[in-house]
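What follows is one structure encoded as structure tokens, with my remarks underneath.
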Amino acid sequence: MTTSDATAAITVGVTGTLARWGVSPWGAVTDLDGSTVDWFVAAEDRWHRPGEEATVRQDLLDGAPVVETRLAVPGGDVLQRVWTVSDGGGTTLLEFENASPRAVAVAVTGPVVADRERADVPVEGIELPDDAIVLPLGHRSTVRVALATDGDGGGVRRTTVTSAPPPMAVARGWRTITDRASRLALPDAGLADAVTRARCVLLLDGPLDADTDPTGFLLDVAEMVRCGEPADAWLVECVEPAERVARSGGADVVAALEAVRSIARRAGDRRAVADVDRIAARSAAGTSPPDPATVADLRAMWDRPGSRGRFVRAVESRLARSSAPGEADLCPGGVPSEWWGNDFEVHGLPTGSDSSVSFAVRWHGARPALLWEQTGTPVRLTAADASPGWSTSDAAGETLWSAPERPAVRRRSIDLSADD
């Protein structure tokens, strides 16, 4: 599953500050003022320009805004990692690792502070700006640099570069934040990472424009609040979009009003909760939930631009969703056939206004064993598609679901009597 489209920059930064940087598909880093830090690699064959190389690959660590870019050189790769720490109001670091068998040199252009002295050697074979620094990089060694200014315009000391937490630790910190909403450990790791990525995008870039997509805005804000954003600060912003969605009706009205209700409840505004309940009773009457999305649908949804909150809701609704007041259905649409035989677990999926469920699926031969635990007011759990006839109102327990049925295979008949 891709983490971004082919041309869009990935935002890195820290929450609670305005410090933001964009990372290009080849690893160039640009700040809000337009100042860019780019990189080049001198290998044994030639200078490599990541912005022009077809061998560049880019991914995120665990879906967090920690960007890893790989550039192929003879015998292996040179890796660049970009992440932001909170030091000095937000400091972005670039780390280069030589995973090839031969020594290389990395040239970095732009205002940076390195964790070592620059190489005092002439640069040949490439035209570089006057502010470029060249850093030798032996086999399996790393070097770090930091952008020379932070979010408040102050300087970065070399000790900050060397003592900053490593990229994997920063990625784990982001996962801690996003897991406040829910935690997914799925056979499709790319789908779980995409949920983390969606939440990080929202926390760094904010919600969609409310005028363009009011439902998407509300779903985005609700997801941000689930991750720890202050609910009361957003509640006032949600009133007008919620009224617009309620007046227009449509398939999204239930999702939008549920989002507003969750924000109001987390803000402790009982009056707002009662208002939403009253609007929902009038606007959502007669509506039915959409058909469960397939894994392929979810992958396609992530690859399209739009509300990241809507994407997260679609993924979670494929695992558990409220089916009626006081009821929730697990794995609507059944356990995806791509996951059969693979254990998975989910934690903290909403099943009502003040309830959630965590469950794990462990396979016993062809049959999935379910272990569940409800938090808050227990609801009646069903699995209409995954195990018809099963239900429980117990707060916790375990059971053995029915073996999923494989779809019938349509066999094509062959006329052996036909002439060649």
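Against the globular-protein guess of 2.2 N^0.38 Å, express the Cα radius of gyration of segment 282-344 as a ratio, rounded to two decimals. The partial results should precede the final answer.
Values: Rg = 13.3 Å, N = 63, 2.2 N^0.38 = 10.6 Å.
Relative to the rule-of-thumb radius for its length, segment 282-344 sits at 1.25.
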> Hey, if you put +1 on the Cβ of every Lys and Arg and -1 on every Asp and Glu Cβ in segment 52-102, which of Gln58, Gly75, Gly88 ends up farthest toward the positive end of that dipole?
Replying inline: Gly75
>> Please list 3J(HN,Hα) in residue order for segment 291-304, calculated via the Karplus relation 6.51 cos²θ - 1.76 cosθ + 1.60 where θ = phi - 60°; whole Hz, with x for glycine and proline.
In response: 4, x, 6, 7, 4, 4, 4, 5, 4, 5, 5, 5, 6, 8
>> Output wanted: per-residue J couplings in Hz (rounded whole) for segment 354-370, from phi through Karplus 6.51 cos²θ - 1.76 cosθ + 1.60, θ = phi - 60°, x for Gly and Pro.
In response: 9, 9, 8, 9, 10, 8, 10, 10, 10, 8, 10, x, 8, 9, x, 9, 9
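If you add up the charges near Gly27, with Lys and Arg at +1 and Asp and Glu at -1, over every other residue whose beta carbon is less than 13 angstrom from its beta carbon, what do you get? The partial results should precede the final answer.
Working: positive: Arg49, Arg57, Arg70, Arg81; negative: Asp38, Glu52, Glu53, Asp59, Glu68, Asp77, Glu95, Glu97.
Neighbourhood net charge equals -4.
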> Considering amide H positions built from the backbone, and no H for Pro or chain starts, which residues 5 or more places from Leu61, or on another chain, come under 5 Å of its amide H?
Replying inline: Val66, Glu68
> Hey, how much of the P(r) for segment 30-84 falls beyond 17 Å, as a percent of Cα pairs?
Replying inline: 44
>> Could you report the accessible area of Ile279 in Å², rounded to 10, computed with a 1.4 Å probe on the protein chains as they sit in the structure?
In response: 50
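Summing +1 for each Lys or Arg and -1 for each Asp or Glu, what net charge is found among the other residues whose Cβ lies under 13 Å from the Cβ of Asp291? Can you show the working numbers first?
Details: positive: Arg318, Arg321; negative: Asp297, Asp329, Asp385.
Taking every Cβ under 13 Å from that of Asp291, the sum is -1.
Any idea what % of Cα-Cα pairs in segment 47-117 are farther than 21 Å? Let's see the in-between values first.
Details: 781 of 2485 pairs.
So the portion of pairs separated by more than 21 Å is 31 percent.
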> Assuming R0 = 25 Å, what is the FRET efficiency of Glu127 and Thr162, from their Cβ-Cβ distance, to the nearest 0.05?
Replying inline: 0.20
> So how tilted is helix 308-319 from the main axis of the chain? Cα-based, degrees 0 to 90, rounded to 10.
Replying inline: 50
> How about segment 26-107: which trypsin sites (Lys or Arg not before Pro) there are in a DSSP loop, with at most 16 other Cβ atoms within 10 Å of their Cβ?
Replying inline: Arg46, Arg102
> Just the Cα atoms of segment 186-341, one point each, no solvent: what log10 I(q)/I(0) does Debye give at q = 0.09 Å⁻¹?
Replying inline: -0.29
>> Per residue of segment 199-213, what does 6.51 cos²θ - 1.76 cosθ + 1.60 with θ = phi - 60° give for ³J(HN,Hα)? Whole Hz please, x for Gly and Pro, Karplus curve as stated.
In response: 5, 5, 4, 5, 5, 9, 9, x, x, 4, 5, 5, 6, 6, 8
> Taking amide H positions as placed 1.01 Å from N in the peptide plane, with prolines and chain starts having none, which residues 5 or more places from Thr351, or on another chain, fall under 5 Å of its amide H?
Replying inline: Ser356, Val357
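Pop out the Kirkwood hydrodynamic radius of segment 132-223 from its pairwise C-alpha distances, inverse of mean 1/r, in Å to one decimal. Intermediate values should be presented prior to the final figure.
On the way: mean 1/r = 0.0597 Å⁻¹.
Answer for segment 132-223: a Kirkwood hydrodynamic radius of 16.8 Å.
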>> For the pair Glu327/Arg299, report the inter-label distance in nm, with labels modelled 7 Å from Cα in the Cβ direction.
In response: 3.3
> For helix 231-248, what angle does its Cα long axis make with the longest principal axis of the chain, in degrees from 0 to 90 and rounded to 10?
Replying inline: 60
> Calculated from DSSP H runs of 4 or more alone, at -39500 (n - 2.57) each and per residue, what is the 222 nm mean residue ellipticity of the chain, nearest 500?
Replying inline: -8500 deg cm²/dmol
> Can you give the angle from 0 to 90° between the axis of helix 270-283 and the longest principal axis of the chain, with both taken from C-alpha atoms, to the nearest 10?
Replying inline: 60
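The values are calculated or read from the model by the stated rules, or taken from the named source; none is laboratory data. Keep in mind it's a predicted model, so treat the numbers as computed, not measured. Virtual Cβ from ideal backbone geometry, glycine too; neighbours counted across all protein chains shown. For accessibility, only protein heavy atoms count, side chains too; no ligands or nucleic acids. Shrake-Rupley method; radii C 1.70, N 1.55, O 1.52, S 1.80 Å.
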